[in-house]
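One structure below.
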Amino acid sequence: MAVLEIAVYPDEVLKKRALPVTEVDDEIRRLIDDMAETMYAAPGVGLAANQVGVLKRVLVIDVEHPDGNPNLIAMVNPEIIARADEISWEEGCLSFPGVNVDVNRSGRVRVRALDRDGQEFELDADGLLAVAIQHEIDHLDGVLFVDRLSLGAKALVRGKLKELSRRDGQE
């Protein structure tokens with residue numbers, strides 16, 4: 001397994017829509033393993049493939065680690081098939097270091113995806129897991145959590161986003 005480089009805003013790959021995976025093979029399983037290793041090393045609770053420069057609909061999530069035992073969830077071609085309730089949750093993002101902001105999302109979701117063996121499954125999630133799933137699927141769609149903010153909330157993080165843009169230009 002390898003720790004991959006995480007794309008940081010304003011990297012253009014973050015705004016690109018990931019393509020569906022046609023076959024869950026050893027390459028996809030290796031990507032899942034490398035993404036998990038990268039997420040744990042960061043540390044974070046979720047990571048989408050385009051955050052590591054791969055435009056495939058793959059994500060990994062573990063909202064229990066490091067507080068408990070690792071409970072990795074890998075999803076290939078995830079799709080939210082039901083939503084309920086609404087919550088506001090303070091979100092951060094590995095591609096936006098230092099930016100944390102409240103985002104309104106569904107409080108409960110049902111998602112359908114393929115696992116690392118290509119088997120279809122459905123998962124009901126609420127709380128942080130529901131938020132993380134929506135956040136990572138947004139990444140796969142080229143939607144960033146700051147895109148979901150009200151104008152007032154965007155104004156509050158504008159300075160941090162400009163700082164990230166400047167930092168990107170210096171490297």
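Computed from the coordinates by the stated procedures, all read-outs in this text should not be read as laboratory data. No experiment lies behind these values; they were computed from the predicted model shown. Positions of Cβ are generated from backbone atoms using ideal geometry, with glycine treated the same way; all protein chains shown enter the neighbour counts.
Here are the numbers:
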| read-out | value |
| --- | --- |
| Where GluC sites (Glu not before Pro) fall in DSSP loop in segment 37-107, at most 12 other Cβ within 10 Å | Glu86 |
| Shape category assigned to segment 84-137 from the gyration tensor of Cα positions, a/c cut at 1.5 | oblate |
| Segment 12-170: antiparallel DSSP beta bridges as a percent of all, rounded to 5 | 95 percent |
| Residues Leu128, Leu94 arranged by fewest to most Cβ contacts within 10 Å | Leu128, Leu94 |
| Long-range HN-HN contacts of Asp102 with modeled amide H, under 5 Å | Glu91 |
| Two-site FRET efficiency, Glu90 against Lys16, from Cβ-Cβ distance with R₀ of 25 Å, rounded to 0.05 | 0.45 |
| Cubic angstrom per residue, convex hull over Cα atoms of segment 99-171 | 118 Å³ |
| Cβ-Cβ FRET estimate between Leu128 and Arg167, R0 fixed at 30 Å, reported to 0.05 | 0.60 |
| Two-site FRET efficiency, Val143 against Asp117, from Cβ-Cβ distance with R₀ of 25 Å, rounded to 0.05 | 0.30 |
| Across Lys56/Lys160; Lys16/Lys160; Lys56/Lys162, pairs whose alpha-carbon gap is larger than 25 Å | Lys56/Lys160; Lys56/Lys162 |
| Overall form of the chain per C-alpha gyration tensor (a/c, 1.5; a/b vs b/c) | oblate |
| Charge dipole magnitude, Cβ of K and R +1, D and E -1 - segment 12-170, Cα centre, debye nearest 20 | 900 debye |
| Cut-off of 10 Å, at most 16 other beta carbons, DSSP loop: longest stretch of the chain lacking such trypsin sites (Lys or Arg not before Pro) | 18-171 |
| For segment 23-136: relative contact order, % (alpha-carbon pairs under 8 angstrom, 6 or more apart) | 23 percent |
